[in-house]
1. In segment 331-350, what residues are over 19 Å from ALA279 (Cα atoms) and surrounded by 14 or more Cβ atoms within 10 Å (Cβ to Cβ)?
2. Could you tell me which numbered condition CYS236 fails, if it satisfies all but one of (1) over 25 Å from ASP63 (Cα atoms); (2) without any contact (Cβ under 8 Å) to a residue 40 or more places away in the chain?
3. For segment 278-287, enumerate the residues that are open to solvent by 40 Å² or more (accessible area, probe 1.4 Å), of a type outside the set (D, E, K, R) and assigned to a helix (DSSP H, G or I).
4. I'd like the full set of residues that are open to solvent by 70 Å² or more (accessible area, probe 1.4 Å), within 16 Å of the ligand (Cβ to nearest atom) and farther than 18 Å from PHE226 by Cα, limited to segment 56-84.
5. Taking the residues in segment 21-55 that are in a loop (DSSP other than H, G, I, E, B), charged (D, E, K, R) and over 20 Å from LYS405 (Cβ atoms) as candidates, determine which candidate is least open to solvent (accessible area, probe 1.4 Å).
6. PRO334 - would you say it is free of Cβ contacts under 8 Å to residues at least 12 places away in the same chain and either among the aliphatic types (A, V, I, L, M) or not in a helix (DSSP H, G or I) (or both)?
7. Identify the single condition in (1) of a type outside the set (A, V, I, L, M, F, W, C); (2) near the ligand (Cβ under 10 Å from one of its atoms); (3) assigned to a loop (DSSP other than H, G, I, E, B); (4) in contact (Cβ under 8 Å) with a residue 12 or more places away in the chain that TYR351 does not satisfy, given that it satisfies every other one.
8. If SER311 satisfies every condition in (1) away from the ligand (no atom under 12 Å from the Cβ); (2) open to solvent by less than 30 Å² (accessible area, probe 1.4 Å); (3) touching a helix residue (DSSP H, G or I) at 6+ places or on another chain (Cβ under 6 Å) but one, which is the exception?
Amino acid sequence: MADTLTVTDNRTGKTYELPITDGTVRATDLRKIRTGADDFGLTTYDPAFLNTASCRSAITYIDGDQGILEYRGYPIEQLGEQSNFLEVAYLLWFGHLPSQAEYDAWARTITLHTMPHENIKKFMEGFRYDAHPMGVFLSTVGALSTFYPEAKQIGDAELRRIQAIRLIAKVPSIAAYAFRHLKGQPFVYPDNDLSYTGNFLSMLFKMTELKYQPHPVLERALDVLFILHADHEQNCSTSAMRGIGSSQVDPFSALAGAAAALYGPLHGGANEAVLKMLAEIGSVQHVPAFIKKVKAGDGKLMGFGHRVYKSYDPRAKMVKKTADMVFDVTGRNPLTDIALELERIALEDDYFISRKLYPNVDFYSGLIYQAMGFPMEMFTVLFAIPRTAGWISQWEEMLRDPEQKISRPRQVYTGAPRRDYVAIANR
Ligand code: SDX
């Protein structure tokens, strides 16, 4: 049997052979299916891209039915157990695991780029005292494009690599500055003696002590959470990164757009929405009534469901395990019992089972962040930090892809037919 699709256009009786490649038909091949010389030809219609591959990518592989997630072929479970976030960021960007020398050089370079331009502090001080940290984060990342004009030369591979390093290195500093601004506390400069997550914790929580000592369990827990959030193939925010980047704008501006997409409650904002939902439920006794509301179509069970995973999100399992590590240090988050009861009931209820709704990466992560002392407004920022490594690696792959050009979908026009302008006096 040939790898082709034979289609007959019943409007004309004509038959066409379309090649099948990697389980796809090329949308532009449909253009030859026309009813006449002046017919543009068939296009595909796929709102929200439910069934459209936008690119070829070698970075992340997901099997939603099997609950599989791999970065460059390595299972997320093994990376979460044995790797660290900086090594995973290296893997995403370069496509292979580093040697010890490569890793040391990479970690050193990242460390030496953690300090933002001093003017960023002035920029930050312009925000309201209660500015949402995600709004501060995405604005400041976009503003970085004005500090590095050479980033516009996106055709220069070495300059692209330097901007990638700057972004991976500086997003924790920007996030920490946004947090300290929200708390009304002085900014803390990076401490180059500490690890990536240890330094982040220092910039967040250092007070009057001369040197901040991160708790090793919390430092490692954050590192595992960063690994789990680093990339996830063509999700909403990564598609935004690729789409904006396809216009050949600098990576800081593109990443600001990606962060804006992640800000939404259906995407990265879900971990904040989960905590609000758990607080609204208030007690385990109220869970059945809440589930009843959701089943009646009144609101969603935030932290549940996924466009790709139609089984348990493999990251959610690891987040749940990390929660136990953190709670041993911080004490158990009282909202955990409500979350566990929600999961128990939902996994038995046909409404959720029939829709293949399982906990996703956001369902438990907020509980950990809250136990670690982060306010809910910081949760999506904590997602954006590690996802920066995924966004920038996907951006690099897009720019290297000879098939990629400026992203510009078509539409089905449903508006008014052609009509003449009517002067206002005659309307
Ligand atoms: C992330 O794409 C990624 O990779 C994203 C992410 C990443 O790493 O980048 O994994 C991170 O964004 C995780 C998802 C976080 N969002 C949430 O937890 C918000 C709650 N979840 C939903 O909004 C929803 O499940 C989505 C947005 C995640 C997926 O939506 P889809 O694929 O468009 O599914 P759908 O909305 O068409 O739902 C199918 C059915 C519908 O019911 P019917 O209309 O068929 O009766 O399931 C229902 C939905 O109403 N449904 C839910 C539900 N999610 C879907 N019902 C109750 N609670 C939910 N959470």
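1. Looking only at segment 331-350, we keep the residues that are over 19 Å from ALA279 (Cα atoms), and these are 347-350.
The answer is LEU347, ASP349.
2. (1)
3. We begin by selecting, within segment 278-287, every residue open to solvent by 40 Å² or more (accessible area, probe 1.4 Å); these are 279-280, 282, 284-286.
Now narrow it down to the ones that are of a type outside the set (D, E, K, R): 279, 282, 284-286.
Hits for segment 278-287 are ALA279, VAL284, GLN285, HIS286.
4. ASP65, GLN66
5. Within segment 21-55, the first condition is being in a loop (DSSP other than H, G, I, E, B), and the residues that meet it are 22-23, 26, 33-46, 50-55.
Cutting the leftovers down to charged (D, E, K, R) gives us 22, 26, 34, 38-39, 46.
Then drop every residue that is not over 20 Å from LYS405 (Cβ atoms), which leaves 34, 38-39.
Numbers: ARG34: 89, ASP38: 147, ASP39: 36 Å².
Applying the filter and picking the extreme gives ASP39.
6. So PRO334 fits the description; yes.
7. (3)
8. With (1) away from the ligand (no atom under 12 Å from the Cβ); (2) open to solvent by less than 30 Å² (accessible area, probe 1.4 Å); (3) touching a helix residue (DSSP H, G or I) at 6+ places or on another chain (Cβ under 6 Å) applied to SER311, the lone miss is (3).
The values are calculated or read from the model by the stated rules, or taken from the named source; none is laboratory data. No experiment lies behind these values; they were computed from the predicted model shown. For neighbour counting, all protein chains shown are included, and Cβ atoms are generated from backbone atoms with ideal geometry for every residue, glycine included. Protein only, heavy atoms only, side chains kept; ligands, DNA and RNA dropped before computing areas. Shrake-Rupley method; radii C 1.70, N 1.55, O 1.52, S 1.80 Å.
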